[in-house]
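Worksheet: the structure to be examined is printed underneath.
The values are calculated or read from the model by the stated rules, or taken from the named source; none is laboratory data. Just so it is clear, the structure is predicted and the values come from calculations on it, not from any experiment. With ideal geometry, Cβ positions are generated from the backbone for all residues, glycine too; neighbour counts draw on all protein chains shown.
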Amino acid sequence: MVSFITRHIFYCLCALFLVICCVSALTAQEEEENYSISLVKTPEEQEGKVISEVDDKKVLTQEYTVRQGDHLWQLFRERGLLEKKNLAELLSILKKMNKSLENLDLVHPGEKILIPLKIVPIAAEAQKQAPVEEVSAPLEALKDVDVRDYTVKQDDKLVKIIKGVYNEIPNNSLYTDYLSLVRQMNPSLTDIDKIYPGQTIRLPIYSPQIIRSSIASATGPQPGLPGPGEAGKEGQAKNEELKPGPIAQDLAEIFVQMGEEWIQTGEHFIPLKTGGQINLKAASFPIINMRAGQKVIVDLTGSLPPRMAQLLESSWDNYKVVHLSKKDNLAASLNKVFSKCNYPRIYRAGEPFDIQKDIHLRITGDWVIELPDLGEDEKIKAVVLNLGKTPSPYVPRTVKTYMENAGIKIINYPPQEDPASEGPAPSEILRPPGGPAPLTETVLNLVGQAFARQTDIQVFQTEKADLNLTIRADFTLKIKNKDAVIDLTGLEPDVLALLNEKHYKTLSLAADKDPLELVAKTCGFLDRQFKSGAHDFKAGTGKDSKNVILTIPGVIFKDSGGGPVFATPSVLPDDIAMFLAQRGYKVLLASL
């Protein structure tokens, strides 16, 4: 009986143990899932989208094949990315993930690109913890600290050096207060595990009182410096992080489009040549890393004291500080920032920027910025920047593409979609074979003039018909009921005189080597009106103060239907020929 009861109790205990284990497992599994979800916030994979790792971030991306008429700003707008606060970071990631994408304004049909949709740091769990800030003592707080210099030897380690010099220092002070003070005294020492032989390290002479007072002084008011409530006066800037306004986002997007690097995350540690360092929170003091090496610190709210700015600029030749105020709009902010960027030249509103390539361009805008010459790898040489909530002057894609190939980029901000426009029919751009005969024939056909080729004309015959002189004319035609000849081979002057005696109207083009001269003379011979010389074409729809004017040599005349024909040398770029065709011209690319 006892054995039966014992076995019964044993089985009950086993069953209870299994139930508890199952419940515990389920609870643990549930807790584990919540833990994972709460600590790691990564974008979920969706259909047609993948997660990629870039630097220290996970990026939800979408692969997209570019179609005719697409441009990046349209693709970003369709996905709601233009309204994102981290648009500048998205554009930076876009460049890193698409190495072939050298120009954000130029994508080609059939090209495959990865579009970043969402960015999440890999170490997202760090967001759950309060950030541990390293206290940085200002220079005034450290001036009374006694130090000794130590020259690093082969195989030295920093902690080993400190313990060898001050063996009485407790571990808790060493790894907290003392190492923090060493970093302040040695701003170039970014990693305590990386020192090299011959390097000189400043070691504060250890005593518990000096360590505590020096570190504590970093957080309290300093003699002669403003307190926490005195922002804008001389002294140390506020330590709290100021919330960036919309101007910061606008500036970031513009400078990223210009090809510069805008840094507004993390913290800047700028060492001073006299010792010590200045710490700036990037959210309040973003830095523009210029391609030419210049670094511009943008004081978004004017809270960086002038003395601090002077200290920075006097320590480093390549650092400049620009102070903005809350009253500055975007145009005023850009003017202030541009003044510190050391660009070769900046053309202000309405001031023309001229460039001569295949054709002459006269460009005006709110700003035209010449960029520094960094070698052949830098394709963009100048940037045209136009601002305005109303649509900026529309410049056709054909002209934009030509300008970009010439090294000039147009930025309209806020970004705008180009109006849809159809390309010209193939017949609107005429490319006759080279030579005077095909060119002359094309002009005659355009104006609707009937003609005959290679016709024999009897110009002389004796009474007895025992002597005949017959010539072969390149083109014969009638102009206002009068016989006419166009000569391309070079008839003798006496033969031309005989033709005139027979009341033929003659035009000799054999000596002409300029195709435009040939077109102009042919139009004049046919009594057609024409204009010859350099012609100005406005590419944009705006006024001359914000436009692109193309000056192109050519001859303009009307075809048989009254439509304009523009004859120009065959060296005219295809993009510009397309632009003229879109403006309603039949484009005749003339060559001999």
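Listing for the model above:
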| quantity | calculated |
| --- | --- |
| Residue match in the range 195-212 (condition: within 22 Å of Glu267 (Cβ to Cβ) and at pLDDT below 70) | no |
| Elements of type strands (runs of 3 or more DSSP E) in the range 52-153, at least 1 residues being at pLDDT 85 or above and of a type in the set (D, E, K, R) | 57-65, 112-121 |
| Residue in the range 579-592 that is out of contact with any helix residue (DSSP H, G or I) (no Cβ under 7 Å at 6 or more places or on another chain) and more than 30 Å from Gly388 (Cα to Cα) present | yes |
| Residue in the range 303-313 that is within 19 Å of Leu251 (Cβ to Cβ), in contact (Cβ under 8 Å) with a residue 60 or more places away in the chain and either among the acidic types (Asp, Glu) or not assigned by the TED database to the domain that holds Lys379 (or both) present | yes |
| Test result for Phe530, among the aromatic types (Phe, Trp, Tyr) and in contact (Cβ under 8 Å) with a residue 40 or more places away in the chain | no |
| Of the criteria (1) assigned to a loop (DSSP other than H, G, I, E, B); (2) surrounded by 19 or more Cβ atoms within 10 Å (Cβ to Cβ), which one Asp377 fails | (2) |
| For Ile363: the one exception among (1) at pLDDT 90 or above; (2) farther than 26 Å from Ser100 by Cα; (3) surrounded by fewer than 21 Cβ atoms within 10 Å (Cβ to Cβ) | (3) |
| Filtered residue count, the range 280-311, keeping only those that are in contact with a Phe, Trp or Tyr (Cβ under 6 Å, 6 or more places away or on another chain) and surrounded by fewer than 21 Cβ atoms within 10 Å (Cβ to Cβ) | 1 |
| Odd one out for Gln356 among (1) assigned by the TED database to the domain that holds Leu387; (2) modelled with pLDDT of 90 or more | (2) |
| Identity of the residue in the range 564-583, modelled with pLDDT of 95 or more and farther than 13 Å from Ile359 by Cβ, that ends up surrounded by the fewest Cβ atoms within 10 Å (Cβ to Cβ) | Pro564 |
| Counted residues, the range 539-560 - those being at pLDDT below 95, small (Gly, Ala, Ser) and part of a strand (DSSP E or B) | 0 |
| Pairs where the first residue, in the range 509-527, is more than 24 Å from Lys482 (Cα to Cα) and the second is modelled with pLDDT under 95 and assigned to a loop (DSSP other than H, G, I, E, B), C-beta under 8 Å, 6+ apart | Ala511/Gly490; Asp512/Leu592; Lys513/Leu592; Asp514/Leu592; Pro515/Ser570; Pro515/Ser591; Pro515/Leu592 |
| Exclusive hit being crowded, with 16+ Cβ neighbours inside 10 Å, over 30 Å from Gly365 (Cα atoms) and of a type in the set (Lys, Arg), set Lys586, Lys521 | Lys521 |
| Checklist (1) free of Cβ contacts under 8 Å to residues at least 24 places away in the same chain; (2) part of a loop (DSSP other than H, G, I, E, B); (3) touching a strand residue (DSSP E or B) at 6+ places or on another chain (Cβ under 8 Å) applied to Lys327, failing item | (3) |
| Residue in the range 515-530 that is assigned to a strand (DSSP E or B), out of contact with any Lys or Arg (no Cβ under 7 Å at 6 or more places or on another chain) and modelled with pLDDT of 95 or more present | yes |
| Members of the range 357-373 that are charged (D, E, K, R) and either on the phi > 0 side of the Ramachandran plot or more than 19 Å from the chain's Cα centre (by Cα) (or both) | Lys357, Asp358, Arg362 |
| Residue under evaluation Ala497, criteria (1) surrounded by fewer than 18 Cβ atoms within 10 Å (Cβ to Cβ); (2) assigned to a loop (DSSP other than H, G, I, E, B), criterion not met | (2) |
| Within the range 284-296, tally of residues that are out of contact with any Leu (no Cβ under 7 Å at 6 or more places or on another chain) and among the hydrophobic types (A, V, I, L, M, F, W, C) | 4 |
| Residues of the range 154-186 satisfying the condition of being modelled with pLDDT of 75 or more and within 24 Å of Ile278 (Cβ to Cβ) | Leu158, Tyr178, Leu179, Ser180, Leu181, Val182, Arg183, Gln184, Met185, Asn186 |
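Results for (1) in contact (Cβ under 8 Å) with a residue 60 or more places away in the chain; (2) surrounded by 17 or more Cβ atoms within 10 Å (Cβ to Cβ); (3) over 12 Å from Thr506 (Cβ atoms), shown as yes or no for each residue.
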position	(1), (2), (3)
Thr440	yes, yes, yes
Val443	yes, yes, yes
Leu446	yes, yes, yes
Thr455	no, no, yes
Asp474	no, yes, no
Lys480	no, no, yes
Ile486	no, yes, no
